[in-house]
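Trainee: Structure provided below as structure tokens; questions to follow.
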Amino acid sequence: MKRFISVGLLLLTSTVFAVDLELTQGINAALPIGINAFGYDTPAQELKSVIDGDLQLSGQFNLIASSGPTQSISAWQQAGADSVLSGRVARMGGGRYDVSFELADAAAQGRMLLAKNYQVNEDQLRALAHHISDEVYQKLTGERGVFSTRIAYILVQRHGASTRYSLEIADIDSSNPHSLLVSSEPIMSPTWSPDGKQIAYVSFEKKKAQVFSVSVATGQRRLLTDFPGINGAPSWSPDGRQLAVVLSKSGNPKIYLVDLSSGAMKQVTFGDAIDTEPRFSPDGRSLLFTSGRGGAPQIYRLSLADGQITRISYEGNYNARASYTPNQQQIVMLHRGDDRRFNIGVQNAANARILAITNSPMDESPSVSPNGRLVLYATRAHDQGVLGIVSVDGRSKVLLPARSGDVQEPAWSPYLGG
């Protein structure tokens, strides 16, 4: 049943180095930081702009306004900054740049916290800006940053009677996008492999549902399931050896595990109810999934060791698309409460209470960042499908810049190497 299909990569160049994020809600207790100019030419200004956007997007920082491009440590301290980031971008010739930065503790008379230097090509400046943001974030919070990770999503563009579907990959601020796949038929449910090298997704290019994986680097595809009826909702196991999928080949949609080396398949849910949207726990010992077996869509957990199924969600009349945070302390889901709105909800894994962390009329498709601090989701703004990022406690929200078309079904990558 395995076959490989070679497809071409359509690359879309980004026309902007930095993007304007729309901060819709911030955190009062965020860490106050001052950021000096990295220089006065365009590359230096754009690099700083990316760092500004990253730290703002995280919800963990309050960017203190400055009275000029550069200020002394004492001036920043008087303005309210606890730490100060300064840097320099210098041209080396041949399209190369020398970039240095320093992070100082303003509250401790400028004690140096971090100082590094890099030499990069011009086309590496944006990636370096995200890396510097990661360095600053980790130094000041003690946790790994996610600014060098990527996001995938489906972009739907309608032109008269025709519709174009594309599987897009972009930086987490939605800049630097490119199309990995393009089709005139729907593409759905993208999900990253644990190593970030592949994305599994559902394609309708043959006028029926099929599950593929595609190499992010080469665009080479592999057909994984092609059964009559539903082939959907793929989810990688933490070790990358299995894929959980939903198939209706034997009747109602049920969850199956596919061994990606041998193609061997095992059915793991049974009965008359519709079971869908499986997601592995980070430890690989269980699956969260959506089922109507209780009369309405709710979240259940399947123990892979003994097949025992436990209902997880009780609050609200509709809960779906659940996944754990990396530490398995919280469960993020699509939640509908008594107000009939679909929002992103977070449930403590130890109890049944669900906190709605968004409040738009229609939010969907939550995807948790690899550090568990943020949730990427799809929403609507100005009658257009866009992406939002909300902190897992709901205290910080950012809308990402919209593209031409509707953006749907986002998926946050794992940490990426390099």
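The values are calculated or read from the model by the stated rules, or taken from the named source; none is laboratory data. Just so we're clear, the structure is a prediction, and the values are computed from it rather than from any experiment. Using ideal geometry, Cβ is built from the backbone for each residue, glycine included, and neighbour counts are taken over all protein chains shown. These accessible areas exclude ligands, DNA and RNA; they are computed on the full protein's heavy atoms, side chains included. Shrake-Rupley method; radii C 1.70, N 1.55, O 1.52, S 1.80 Å.
Trainee: Where does helix 42-58 land angle-wise versus the long Cα axis of the chain, in degrees 0 to 90, nearest 10?
Mentor: The helix 42-58 is inclined about 50 degrees to the chain.
Trainee: Rule-of-thumb check for the range 30-181: C-alpha Rg over 2.2 N^0.38 Å? Intermediate values should be presented prior to the final figure.
Mentor: Details: Rg = 17.7 Å, N = 152, 2.2 N^0.38 = 14.8 Å.
Compared with the compact-globule rule of thumb, the range 30-181 sits at 1.19.
Trainee: Any chance you could tell me what percent of the C-alpha pair distances in the range 178-299 go past 17 Å?
Mentor: That tail contains 55 percent of the Cα-Cα pairs.
Trainee: What is the range 295-418's relative contact order, in percent, from Cα pairs under 8 angstrom and six or more apart in sequence? Intermediate results must be reported in sequence, preceding the final value.
Mentor: Working: 284 pairs, mean separation 19.5, N = 124.
It rounds to 16 percent for the range 295-418.
Trainee: Hey, another quick one. Taking N as the number of residues in the chain, what is its Cα Rg relative to 2.2 N^0.38 Å?
Mentor: Values: Rg = 22.5 Å, N = 418, 2.2 N^0.38 = 21.8 Å.
This ratio for the chain stands at 1.03.
Trainee: Continuing with the same structure: Hey, what did the chain get for relative contact order, percent, Cα under 8 Å, at least 6 apart?
Mentor: 13 percent
Trainee: As an exercise, use a Förster radius of 35 Å and the Cβ-Cβ distance of M92 and S404 to find the FRET efficiency, rounded to the nearest 0.05. The partial results should precede the final answer.
Mentor: Working: r = 37 Å, r/R0 = 1.05.
Efficiency at R0 = 35 Å is approximately 0.45.
Trainee: Accessible area of the range 294-418 with a 1.4 Å probe: how many percent of it is carbon plus sulfur?
Mentor: Details: 2380 of 5290 Å².
Roughly 45 percent, rounded to a whole number.
Trainee: Using 0.36 nm times the number of residues separating Q45 and D393, minus their current alpha carbon distance, what extension gain do you get? Walk me through the intermediate numbers first.
Mentor: Values: separation 348, 0.36 × 348 = 125.28 nm, distance 3.22 nm.
Full extension of this stretch gives 122.1 nm more.
Trainee: Further, regarding this structure: Over the chain, what is the percentage of antiparallel beta bridges among all DSSP beta bridges, to the nearest 5? Each step should come with its number before you reach the end.
Mentor: Working: 116 of 123 bridges.
Here the antiparallel bridges make up roughly 95 percent for the chain.
Trainee: Okay, next question. Using only the alpha-carbon atoms, what does the range 206-262 span along each of its principal axes? Please give whole angstrom values in decreasing order.
Mentor: Projected onto its principal axes, the Cα set of the range 206-262 covers 36, 27, 18 Å.
Trainee: Now for a separate question. Using the 2.2 N^0.38 Å rule of thumb for compact globular proteins, work out how the range 89-174 stacks up: its C-alpha Rg over that value, please.
Mentor: My calculation over the Cα atoms of the range 89-174 gives 1.56.
Trainee: Using the beta-carbon distance between N348 and R285 and R0 = 22 Å, what value does 1/(1 + (r/R0)^6) give for FRET efficiency, to the nearest 0.05? Walk me through the numbers before you get to the answer.
Mentor: Working: r = 19 Å, r/R0 = 0.86.
Once rounded, the FRET efficiency stands at 0.70.
Trainee: Let me ask something additional. Using a Gaussian network model on the chain with a 10 Å cutoff between Cα atoms, which of Y314, Y324, Y256 fluctuates the most?
Mentor: Y314
Trainee: Moving on. Give the peptides 231-240, 161-170 in descending order of average Cβ contacts within 10 Å, highest first.
Mentor: Working: 231-240: 19.7, 161-170: 17.1.
Descending mean neighbour count gives 231-240, 161-170.
Trainee: OK, next. Of F289, F280, F204, which is the most mobile in a GNM of the chain whose springs link Cα atoms less than 10 angstrom apart?
Mentor: Maximum fluctuation in the GNM of the chain, among the listed residues, is at F204.
Trainee: Another question, if that's okay. Below 8 Å, C-alpha to C-alpha, sequence gap of six or more: please give me the relative contact order for the range 108-219 in percent.
Mentor: Details: 164 pairs, mean separation 15.5, N = 112.
About 14 percent, as a whole number.
Trainee: Points 7 angstrom from Cα along the Cβ direction at D272 and K139: gap in nanometres?
Mentor: 6.3 nm
Trainee: Further question on the same structure: Note down the Stokes-Einstein diffusion coefficient of the range 245-363 in µm²/s, whole number, using a Kirkwood radius over alpha carbon pairs, 20 °C, and 1.002 mPa s. It would help to have the intermediate numbers written out before the result.
Mentor: Details: Rh = 14.8 Å.
The Stokes-Einstein estimate is 145 µm²/s.
Trainee: Of K207/K266; K208/K397; K48/K397; K139/K197, which sit over 30 Å apart, Cα to Cα?
Mentor: Numbers: K207/K266 26 Å; K208/K397 37 Å; K48/K397 21 Å; K139/K197 28 Å.
As for pairs spanning more than 30 Å Cα to Cα, those are K208/K397.
Trainee: Specify the angular offset, from 0 to 90 degrees and rounded to the nearest 10, of the alpha carbon long axis of helix 125-141 from the longest principal axis of the alpha carbons in the chain.
Mentor: That helix lies at roughly 90 degrees to the long axis.
Trainee: Which residue fluctuates most in the GNM of the chain (Cα springs below 10 Å): S215, S291, S179?
Mentor: S215
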